[in-house]
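Participant: Here it is, the structure in full.
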Ligand code: SF4
Ligand code: SF4
């Protein structure tokens with residue numbers, strides 16, 4: 001490897017760090033090591049209704065289809081762990097996944113990657129490039145593993161031994177050669193905490209996630225009715241789920257690993273008040289205009305107002321909060337969306353099952 005390539009690669013990594021990225025590595029663009037596994041996983045139906053994964057499977061398994069002539073991938077990680085862990089043990093309050101507490105990460109990470117690409121172009125001149133942040137049809141975790149950012153945990157998350165797993169991944173595919181990092185090395189050992197803690201049994205085997213059972217999928221990706229057999233297992237999680245990360249030892253602060261679950265340095269990810277354990281009834285009373293305003297530039301808008309109402313209805317059904325019943329009845333009577341109405345009625349039915357006298361009230 002020539003010295004100039006090494007200097008260029010080092011300067012790209014230094015620039016990424018100066019832009020605030022917590023992790024950075026460079027990988028050669030090769031067919032993904034997990035491509036066969038990914039195809040098998042899709043065949044099992046574990047993707048549920050995420051049909052876009054099936055439509056883009058060839059692209060995901062061949063980065064050359066994303067960027068013809070791609071040689072290198074600069075892969076970055078941005079820590080999103082909040083300074084204070086969300087309150088999860090009050091069933092009358094909503095829990096949002098950590099990644100959605102502040103501003104939408106797509107925009108934040110993409111902006112930084114655009115700056116990084118500008119830096120690269122200043123150094124090497126015009127080159128072909130493609131930026132991806134979650135939405136691009138690329139097996140991102142595979143690339144990130146190859147670039148040395150982390151290894152696969154049994155919960156299927158990418159884990160960095162020093163930082164944990166609360167970080168976003170983004171990448172720039174480039175048609176230039178760079179100096180490459182080694183793939184990440186590490187593993188879970190005999191730990192099985194995430195598998196045991198998952199409330200819906202979505203981790204069907206180590207490293208295998210049945211996304212169609214995962215609360216993240218149910219609350220965000222699934223647009224229709226949530227299977228009844230899973231509703232009572234969702235607790236008060238209304239947007240995403242972190243349980244399999246919360247229990248992971250690599251996300252527990254340790255004296256010898258001060259970076260683990262250390263708070264993000266990115267101001268845009270500071271939690272908004274609305275995502276910090278809001279009362280479920282308040283979320284249900286929120287009107288569409290208020291939802292748009294409260295979740296402007298937030299990842300939560302992906303589920304849309306009706307999706308959040310559906311999820312909140314399930315959480316209220318699980319909450320047993322006696323003050324919620326009149327609100328549920330009021331909202332169910334006025335609801336025009338059949339899916340949301342059915343979930344509100346399900347929630348009301350949960351009260352009736354718990355307290356048969358509430359049927360007549
Ligand atoms: S995110 Fe939640 S539901 Fe999904 S696998 Fe992890 S613990 Fe299970
Ligand atoms: S909880 Fe244990 S088994 Fe699960 S990802 Fe973390 S270390 Fe691996």
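The values are calculated or read from the model by the stated rules, or taken from the named source; none is laboratory data. Every value quoted in this text rests on a predicted model; they were computed, and no experiment measured them. For neighbour counting, all protein chains shown are included, and Cβ atoms are generated from backbone atoms with ideal geometry for every residue, glycine included.
Participant: Go through (1) surrounded by fewer than 17 Cβ atoms within 10 Å (Cβ to Cβ); (2) under 30 Å from residue 323 (Cβ atoms); (3) touching a residue at least 24 places away in the same chain (Cβ under 8 Å) one by one and return the number of the condition residue 95 breaks.
Facilitator: For residue 95, the failing item is (1).
Participant: Give me the pairs, please: first residue somewhere in segment 247-261 and closer than 13 Å to residue 81 by Cβ and within 12 Å of ligand 2 (Cβ to nearest atom), second residue anywhere and assigned to a helix (DSSP H, G or I) and modelled with pLDDT of 85 or more, beta-carbon distance under 8 Å, and either six or more positions apart or on two chains.
Facilitator: As it stands, the answer is 248/193; 248/194; 251/245; 260/250; 260/251, since those pairs meet every condition given.
Participant: Pick from segment 161-191 the residues that are surrounded by fewer than 18 Cβ atoms within 10 Å (Cβ to Cβ) and within 27 Å of residue 264 (Cα to Cα): which of them is farthest from the chain's Cα centre (by Cα)?
Facilitator: That would be 182.
Participant: If the requirement is being over 30 Å from residue 158 (Cβ atoms) and not in a helix (DSSP H, G or I), which of these qualifies: 326, 322, 263, 271?
Facilitator: When all the criteria are applied, what remains is 322.
Participant: Being over 29 Å from residue 253 (Cβ atoms) and touching a helix residue (DSSP H, G or I) at 6+ places or on another chain (Cβ under 8 Å) narrows it down to one of 19, 8, so name that one.
Facilitator: 8
Participant: Suppose we filter segment 300-342 for residues that are under 27 Å from residue 106 (Cβ atoms) and surrounded by 18 or more Cβ atoms within 10 Å (Cβ to Cβ); how many remain?
Facilitator: 12
Participant: Here's a follow-up. Restrict the check to segment 37-57 and report whether at least one residue is closer than 20 Å to residue 170 by Cα and more than 21 Å from the chain's Cα centre (by Cα).
Facilitator: no
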